[in-house]
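Engineer: Quick one: the structure is below, and I'll ask about it shortly.
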Amino acid sequence: MGRGQGVVKVCPHSPTPLLTPSFPVSPAGRGRALVLRARALGVSRCVQVCPHGSAHLLTLPIPVSPAGRGRALVLRARALGVAPAAGAARAEAALGHALKLDPALGAAWRHLGEQRWRRGDLRGARQAFGGALRQGEDPEARRLLSMALRAQGAGPGPRGAGPGGEGAGPAPGGGALRESLAQAEAAVRCDPRNGQSWYVLANAHVALFFAGGQSPGSARRALAAYAQAERVDPAAAANPDLHLNRATLLQFLERFQGALEGLSRAAELAPGWAEPRNRHRHLMEHLGRVCGLLESRGKLRGKRRRGVAGPVPLPLLGPLGGAGGPRPSPIAALRPGPNPHRVVLGRVLFSTAPPGGVPYTVGLQDGGGAVAAVTVYNAAPTWGVTVGDAVGVAEPELTNHLVQHQGQTFSFVGLRVPSPLSLSVLVYNCLYWSILVHTGL
């Protein structure tokens, strides 16, 4: 047993041994264990009045009436959960015993689902959360079921895979996603003033966004739900997971100002959590690198610099160059937002990507010498372009980025491309130009 751990002693005379097994409690978890222990005893004031000190509460047997034994077992299981490494199996056994005594205990079903989830039994967890809902409306059970539906078959999200580490993360199949969203919406209807319900709803929309075609509507609804969580519940505004998950979505939407602010806030709220700090640093470095490379024209010199100057060969347009096709336009002629029936022709100055590879970013210079960062999404890991390649961007979506954060300013023109299929690429091999990729829209 580790140093400083307390032990709950087995009472040989207890009519319900599950109420008095020994289990180790770390010093950090002892306060919570004492509260749960006191609730099971029905003497929550004993921490103040017990003449033998608060630690004495951990050694008391739990006298309960037969009618209250099920609830006491639930509280006992929660106390065992303070030391999950040693108490998880006993906690699950206590919850199973509680449900045999009283199958209508919704709290027992919920905690049983959490225990199953922690040991990796997601299917069993979903069944237990469903059992809680069969006993009556339960917003907490709906939130947990929504999370479990998203986690089923998907692995961990940004903040972990268990009920204590909710993330927006990778999503399962479409049917599970829709059911996850429905459960989250039901939780909000049950308790619209609960910030955690709005947070889980936002994460359900984020999962649907990434797995369901990246619909702008899903993104808008996710951001609105995150904002509502903060409005109705001050505790939600102090949740670092909320700020990290929202920043993940904002970064994908190229709203870099909000993404950096969210990552900074998550790091402030969770100083010991490395992920928001690392991602904040990576995004700052990526934006700085893109701005520097655009300004220096990819740091090309001499012959290489002259090789990317001048007009781009019109054969790049291929079939799109016929009557009724998109009109070639310089970057300066584009307006912010979508530019239908337009195509930008230019040559590659550089390519780069942040850790994780999304988005793949290409520095593009048009025939007039204007430059832009072309961000390409949903590309295969092996896809890429080379300095000097000629690229056509059909129906470009333009953003004038201006990000000011922590004393630094990043300003550049961005062209967002949802897929490499929106590009035409001519590869120059020193002898001839050949079409590598060409697709219509």
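Engineer: Give me a count of the residues in the range 286-309 that are in a helix (DSSP H, G or I) and without any contact (Cβ under 8 Å) to a residue 12 or more places away in the chain.
Structural biologist: 6
Engineer: Considering Glu275, Glu261, Glu254, which residue is at pLDDT 95 or above and at positive phi?
Structural biologist: Glu254
Engineer: Could you name every one of the strands (runs of 3 or more DSSP E) located completely within the range 322-388 that has at least 3 residues being in contact with a Phe, Trp or Tyr (Cβ under 8 Å, 6 or more places away or on another chain)? Step through it out loud before you land on a result.
Structural biologist: On the way: elements: 342-352, 360-366, 371-376.
Where strands (runs of 3 or more DSSP E) fall fully within the range 322-388 and carry at least 3 residues being in contact with a Phe, Trp or Tyr (Cβ under 8 Å, 6 or more places away or on another chain), they are 360-366, 371-376.
Engineer: Looking only at residues in the range 249-263 that are surrounded by fewer than 21 Cβ atoms within 10 Å (Cβ to Cβ) and touching a residue at least 40 places away in the same chain (Cβ under 8 Å), which one is farthest from Ala236 (Cα to Cα)?
Structural biologist: Glu254
Engineer: Could you please give the count of residues in the range 97-118 that are in contact with a helix residue (DSSP H, G or I) (Cβ under 7 Å, 6 or more places away or on another chain) and part of a loop (DSSP other than H, G, I, E, B)?
Structural biologist: Final tally of qualifying residues: 2.
Engineer: May I ask you to verify whether Leu263 is among the hydrophobic types (A, V, I, L, M, F, W, C), within 15 Å of the chain's Cα centre (by Cα) and over 26 Å from Val348 (Cα atoms)?
Structural biologist: The answer is yes for Leu263.
Engineer: Pick out the one residue from Glu295, Glu285 that is among the acidic types (Asp, Glu) and closer than 26 Å to Ser329 by Cα.
Structural biologist: Step by step, each of Glu295, Glu285 is checked, and only Glu295 is among the acidic types (Asp, Glu) and closer than 26 Å to Ser329 by Cα.
Engineer: Across the range 198-215, what is the number of residues that are in contact (Cβ under 8 Å) with a residue 24 or more places away in the chain and either among the aliphatic types (A, V, I, L, M) or farther than 16 Å from Ser146 by Cα (or both)?
Structural biologist: Number of matching residues: 11.
Engineer: Kindly establish whether Gln115 is crowded, with 23+ Cβ neighbours inside 10 Å and either at pLDDT below 90 or more than 21 Å from Cys190 (Cα to Cα) (or both). Write out each step before concluding.
Structural biologist: Details: crowded, with 23+ Cβ neighbours inside 10 Å: yes; either at pLDDT below 90 or more than 21 Å from Cys190 (Cα to Cα) (or both): yes.
Here the answer is yes, as Gln115 does meet what is asked.
The values are calculated or read from the model by the stated rules, or taken from the named source; none is laboratory data. This structure is a prediction, so every number in the text was calculated from the model and none was measured. Positions of Cβ are generated from backbone atoms using ideal geometry, with glycine treated the same way; all protein chains shown enter the neighbour counts.
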